[in-house]
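Down below is the structure, laid out as structure tokens.
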Amino acid sequence: MALKKDKPQKLYFSIGEVARMFGENESTLRYWEDEFETLTPKTVKGSRFYKQENIEQVRIIHYLLRKQKFKIAGAKIQLKNNKDQITRQAELSTRLQSIKEELLSLKAAFDIIDPTEEETTDEGTTA
């Protein structure tokens with residue numbers, strides 16, 4: 001999804017917005033803030049506001065904990081020892097997910113255009 005160049009990009013996101021981006025609870029993000037010292041959103045009058053850098057940190061932590069199935073301690077070790085590699089892997093995972101969603105969207109659009117097309121079974125024969 002491309003950003004519009006004539007409209008300024010949003011600078012701060014609430015904890016609720018970030019939680020929805022990743023399908024997590026707000027309490028989970030607050031817990032991650034306690035566990036990962038690199039995750040430090042701005043706090044104003046008790047409300048947390050995430051900048052784009054904070055969201056990237058959440059993306060990496062989410063990748064390690066949810067996609068790679070690391071425990072908190074293992075994720076901390078990975079971030080300490082392989083931060084650049086983990087960052088590249090998380091970015092690649094995000095890009096591939098985006099591509100998958102776009103392809104599924106195109107498939108759905110083609111199915112609407114030509115719903116009579118024969119479907120193939122797992123064995124490669126037409127149904």
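Each value in this text was obtained by applying a stated rule to the coordinates, not by laboratory testing. None of these values were measured; they are calculated from a predicted model. A quick note on method: Cβ atoms are made from the backbone with ideal geometry, for glycine too, and the neighbour counts reach across all protein chains shown.
Rounded to whole Hz and in sequence order, give me ³J(HN,Hα) for the range 61-73 from the Karplus expression 6.51 cos²θ - 1.76 cosθ + 1.60, θ = phi - 60°, writing x for Gly and Pro.
With the stated coefficients, the range 61-73 comes to 4, 4, 4, 5, 7, 9, 8, 8, 6, 6, 7, 4, 4 Hz.
Karplus couplings for the range 100-114 from phi (6.51 cos²θ - 1.76 cosθ + 1.60, θ = phi - 60°), rounded to Hz, Gly and Pro as x?
4, 4, 5, 5, 5, 5, 5, 4, 4, 5, 5, 5, 5, 5, 10
Quick check on the exposure proxy: order 29, 39 from fewest to most C-beta atoms within 10 angstrom. Please report the intermediate quantities before stating the final value.
Details: 29 22, 39 19.
The fewest-first ordering by Cβ neighbours comes to 39, 29.
Gain in length, residue 68 to residue 53, computed as 0.36 nm per residue apart minus the alpha-carbon separation, to one decimal in nm?
On the way: separation 15, 0.36 × 15 = 5.40 nm, distance 2.13 nm.
Difference between extended and current length: 3.3 nm.
Which ³J(HN,Hα) values in Hz, rounded to whole numbers, follow from the phi angles of the range 39-52 under the Karplus curve 6.51 cos²θ - 1.76 cosθ + 1.60, where θ = phi - 60° and Gly and Pro get x?
Those phi angles translate into 8, 9, x, 6, 10, 10, 6, x, 9, 8, 10, 9, 8, 4 Hz.
When only DSSP loop residues count, what trypsin sites (Lys or Arg not before Pro) in the range 9-45 have their Cβ near at most 10 other Cβ atoms within 10 Å? Don't skip to the end; give the middle numbers.
Values: sites: 10, 20, 30, 42, 45; in loops: 10, 45.
Passing both the DSSP loop test and the Cβ count: 10, 45.
Once amide H atoms are built 1.01 Å from N in the peptide plane, which residues 5 or more positions from residue 36, or in another chain, come under 5 Å H to H?
Amide H to amide H, under 5 Å and 5 or more residues apart or across chains, residue 36 pairs with nothing.
Per residue Cα convex hull volume for the range 49-97, in cubic angstrom?
Numbers: hull volume 3.9 nm³, N = 49.
Once divided by residue count, the hull of the range 49-97 is 80 Å³.
Here is the link list: 42/69; 10/42; 76/100. Which ones come out longer than 18 Å on Cα distance?
Long pairs (Cα-Cα over 18 Å): 42/69; 76/100.
For a footprinting-style exposure proxy, rank 72, 99 by other Cβ within 10 Å, fewest first.
Values: 72 14, 99 10.
Fewest to most other Cβ atoms nearby, the residues stand as 99, 72.
Between residue 28 and residue 113, how high is the FRET efficiency from 1/(1 + (r/R0)^6) when r is the Cβ-Cβ distance and R₀ = 41 Å? Nearest 0.05.
Numbers: r = 41 Å, r/R0 = 1.00.
Once the sixth-power term is evaluated, E becomes 0.50.
Does the range 13-110 come out rounded, prolate or oblate by the C-alpha gyration tensor, with a ≥ b ≥ c the root eigenvalues, rounded set by a/c under 1.5 and, if not, prolate when a/b is larger than b/c and oblate if not? Don't skip to the end; give the middle numbers.
Working: a/c = 2.28, a/b = 1.34, b/c = 1.70.
Oblate, since a/c reaches 1.5 and b/c is not below a/b.
Using modelled backbone amide H atoms (1.01 Å from N, in-plane), which distant-in-sequence or interchain residues come within less than 5 Å of residue 48's amide H?
Placed amide hydrogens put 15 under 5 Å from residue 48.
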